[in-house]
Amino acid sequence: MATQQFIRASEYGPSDNALFEYALGLGDTALVLGQRMAEWLGHAPSMELDIAASNFSLDLIGQAEQFLNYAGEVEGEGRSGDDLAFLRDGMFFRNHLIVEQPNRDWGVTMVRHFFMSTFLVHLYEGLSNSSDERIAGISAKALKEMRYHQRFSRDWIVRLAGGTEEGFKRIARGFDTLWRFTGELFEKADYEDALIETGIAVDVTTLDAGWQDDIDALLAQIGIDKPTALQMITGRTLGHHTEHLGHMLCDMQFMQRAYPGASW
């Protein structure tokens, strides 16, 4: 019962404040993906990759902090970025489902990271020209970071797929396992229409073709057939998530839940 004080009535469904919901979604996706990359600390295949994963996590959590702080300001209820990150239950997160999927192995992680970094490159390119100065500024900086993430993950996919038979199998498994979550990247929430009309948001349905071209080029290079999915798995805008998010949040939010208001 102690956590109920942190739940706002407006969170039981999409808020009337479209800008709040939009900034929240951007922050949540970066935060959850950053947390997943942080899980490689001390567990990556080599020291070099351990450091790389940690740096990627820092990039993403930095993006999340800026978007969530902005969401808190827009909401106007006195919540900070930290409050939004650590004092919400899973059903109130708006991240894409693909980022909450477990790491499994380095090959699967790199496939997920290429999917997401490629999507975020296209998204941040558009948002860098947003009519909202805060979103434009955050996105312009994040774009530089995600372009490097994209190159890094692409290079590792090529290296693993072109190396051993086991490496090829793991990359192929990554594509097959995660493909069912990619359709959600290009689903537009109802509240985004007004933001798109005013030039604040990007219409993600227009990003699909460019993203698919990038994926097709990589698949052709490594010799893997394009995956198919009978049905894409979606639900982020309704607060529907896979079971993996709850387990991840138990770890990520433990200290703040156990010691409310604690600070460094």
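The values are calculated or read from the model by the stated rules, or taken from the named source; none is laboratory data. As the structure is a computational prediction, the values presented were derived from the model and not from experiment. All Cβ positions, glycine included, derive from the backbone under ideal geometry; neighbour counts span all protein chains shown.
Observations, loosely collected:
- Pick from segment 249-260, criterion in a helix (DSSP H, G or I) and touching a helix residue (DSSP H, G or I) at 6+ places or on another chain (Cβ under 6 Å), ranking: nearest to PHE175 (Cα to Cα): LEU249
- Pairs with Cβ under 7 Å, 6+ apart, first in segment 208-230 and free of Cβ contacts under 8 Å to residues at least 60 places away in the same chain and within 17 Å of PHE186 (Cα to Cα), second surrounded by 13 or more Cβ atoms within 10 Å (Cβ to Cβ) and among the basic types (Lys, Arg): ALA229/ARG180
- Check on ARG104, in a loop (DSSP other than H, G, I, E, B) and of a type in the set (D, E, K, R): yes
- Count of residues meeting criterion [assigned to a loop (DSSP other than H, G, I, E, B) and out of contact with any helix residue (DSSP H, G or I) (no Cβ under 7 Å at 6 or more places or on another chain)] in segment 57-87: 3
- Count of segment 19-53 residues which are hydroxyl-bearing (Ser, Thr, Tyr) and modelled with pLDDT of 95 or more: 2
- Filtered residues of segment 177-206 (kept if closer than 17 Å to PHE114 by Cβ and under 16 Å from the mean Cα position of the chain (by Cα)): LEU178, TRP179, ARG180, PHE181, THR182, GLY183, GLU184, LEU185, PHE186
- Pick from segment 75-129, criterion buried (at least 21 other Cβ atoms within 10 Å of the Cβ) and of a type in the set (D, E, K, R), ranking: farthest from the chain's Cα centre (by Cα): ARG88
- Yes/no for PHE152 being under 16 Å from LEU26 (Cα atoms) and touching a residue at least 12 places away in the same chain (Cβ under 8 Å): no
- Helices (runs of 4 or more DSSP H) fully within segment 130-230 counting 2 or more residues that are under 27 Å from TRP106 (Cα atoms): 133-161, 165-178, 208-222
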